[in-house]
Amino acid sequence: MLRTAIAVTALALAAVPATLQAHRLWMMPSTTVISSADGWVTFDAAASNDVFHADHQPLRVEPAAFAPDGSEAKIENFATGRFRSTFDLHLTQPGTWKVAMLSDGVGGSYQLAGEEKRLPRGTTADKLPGIIPAGATDVKLMQIEGRNEVFVTSGAPTDAVLRPTGKGLELVAETHPNDVVTGEDAVFGFTVDGKPAAGLEVLVVRGGKRYRDTVDEQTLKADAAGKVRVSFAEPGMYWLNASASGQSATIPNAARRMSYTTTLEVLGA
Amino acid sequence: MQVRHQLLLTGLPMLAVATPAIAQTAQVQLTLPRLKVAEYNRPYVAIWLEKPGMPARTLQIWYDFDMAKNEGTKWLGDVRSWWRASGRTMRFPADGVTGATRAPGKHMVRVPTGQLAPGQYVLAIEAAREVGGREVVRVPFSWPPKPGQTFAASGTSELGAVALAFTR
């Protein structure tokens, strides 16, 4: 089951090849604060230059969803348009819900009979042995892991879906992502395989660039404990992204690139 | 049990000396301005008490509490400062706290605040209107007040003058 999920999300990488470099992948909820006991949130999801402005590629693969108790939840009405996908989440229990898009793929190249070959798109770690032929030399591999998580809360915020798994680049929220307001700094920690991501670069971009002249983005560096403190001058939807690199923990001699993305709704206090 | 009861009884007069009154009633006067707008809906209004280090306490929340299936709760989150401070941990309707929305004009609301420890407090009033704006007015006050003292503040858009006085 897990393996299928990984394979399927790896396809997302293949479907939007340039996305991870040139374009920013985002999922934007219509709201993150629900006060009714039986609420719905609708999402837009796409990749584009300006975050939350759909003008390039839709998200092609349905994300996963998790209820406040950690159980898997259902994404409703997933549909893909020309520029963006939409889907809904039915918040049938109080607490914090998570929508997650995970990708785990392998890219790279090798030399065979004097020719350079690239790994086919959609390659996953488990398919690797069958893909690289015997006699290949100069094998260069890169494991690419992406984690895009968006949280929405019905009633009071809860923590079960925020718990990190200890795998890859993850958020360890000191400030609950659904409890961010202007005038109060938010503190977010990051870990790689459960260890503090000291010195990690974190980018925070405010949506709506189209309606102002400045970009409005903050580049922050995590401290020794892997934490960043973020101030939000203006309310709005913010896109937070961090990336880390290193050596693959599971594929021998492979480099590793990890990214973490979330969307924060910042309300005016 | 007996001892505790006696302690409480004898403790009361002492407490009464330290803080002039015990069970307090706050008298809140607030104005909902009449607004000339294309579509007017009565605002949702929350009144709550804040003190650093103490959980915020909701005194009143006015909303469409009598809609079928509790549908009025859908927009409680629009009263967003209150929702974050206190509302999101409550169940609705809330006894003695929930009320119907009110028309523009002056309103006098009497709300029991219970016992208050001496210190600095803030009475917060927030109004949020469907297809309209939102405003929070905060009235800082110190407890216990001087006799006859009232505390006042004013909003500029969704709320008008706000005054706070206490009675026993």
Candidates A:104, A:138, filtered to the one that is of a type in the set (Asp, Glu) and over 30 Å from residue A:164 (Cβ atoms): A:138
Strands (runs of 3 or more DSSP E) (entirely within the stretch A:204-269) containing at least 3 residues that are in contact with a Gly (Cβ under 8 Å, 6 or more places away or on another chain): A:236-247, A:254-266
Quick one: would you say residue A:89 is more than 14 Å from chain B (Cβ to nearest Cβ), assigned to a strand (DSSP E or B) and under 14 Å from the mean Cα position of the chain (by Cα)? no
Could you say whether any residue in the stretch B:130-138 is of a type outside the set (Ser, Thr, Tyr), modelled with pLDDT of 95 or more and in contact with a Phe, Trp or Tyr (Cβ under 6 Å, 6 or more places away or on another chain)? no
Pairs, please: C-beta under 9 Å, at least 6 apart or cross-chain, first residue within 14 Å of chain B (Cβ to nearest Cβ) and under 11 Å from residue A:99 (Cα atoms) and in the stretch A:142-163, second open to solvent by less than 10 Å² (accessible area, probe 1.4 Å) and of a type in the set (S, T, N, Q)? A:152/A:32; A:152/A:96
Quick test for you: out of A:153, A:175, A:158, pick the one residue that is more than 22 Å from residue A:258 (Cα to Cα), at pLDDT 95 or above and part of a strand (DSSP E or B). A:153
Name the pairs: first residue in the stretch A:79-95 and on the phi > 0 side of the Ramachandran plot, second residue outside any strand (DSSP E or B), Cβ to Cβ under 6 Å, at least 6 apart or on different chains? A:95/A:68; A:95/A:158
Residue ID - nearest to residue B:121 (Cα to Cα), chosen from residues in the stretch B:52-90 that are more than 9 Å from every other protein chain (Cβ to nearest Cβ) and exposed (fewer than 14 other Cβ atoms within 10 Å of the Cβ): B:52
Would you check which residues across the stretch B:36-51 are out of contact with any strand residue (DSSP E or B) (no Cβ under 6 Å at 6 or more places or on another chain) and open to solvent by less than 50 Å² (accessible area, probe 1.4 Å) and list them? B:41
Considering the stretch B:94-107, residues that are farther than 25 Å from residue B:36 by Cβ and surrounded by fewer than 16 Cβ atoms within 10 Å (Cβ to Cβ), and then whichever is nearest to the other protein chains (Cβ to nearest Cβ), we arrive at B:94
Looking at the stretch A:59-67, can you tell me whether even one residue there is within 14 Å of chain B (Cβ to nearest Cβ), in contact with a strand residue (DSSP E or B) (Cβ under 7 Å, 6 or more places away or on another chain), under 30 Å from residue B:83 (Cβ atoms) and open to solvent by less than 40 Å² (accessible area, probe 1.4 Å)? no
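The values are calculated or read from the model by the stated rules, or taken from the named source; none is laboratory data. If you're wondering where the values come from, they're calculated on a predicted model, not measured in any experiment. With ideal geometry, Cβ positions are generated from the backbone for all residues, glycine too; neighbour counts draw on all protein chains shown. Surface areas here come from the heavy atoms of the whole protein model, side chains and all, with no ligands, DNA or RNA. Shrake-Rupley method; radii C 1.70, N 1.55, O 1.52, S 1.80 Å.
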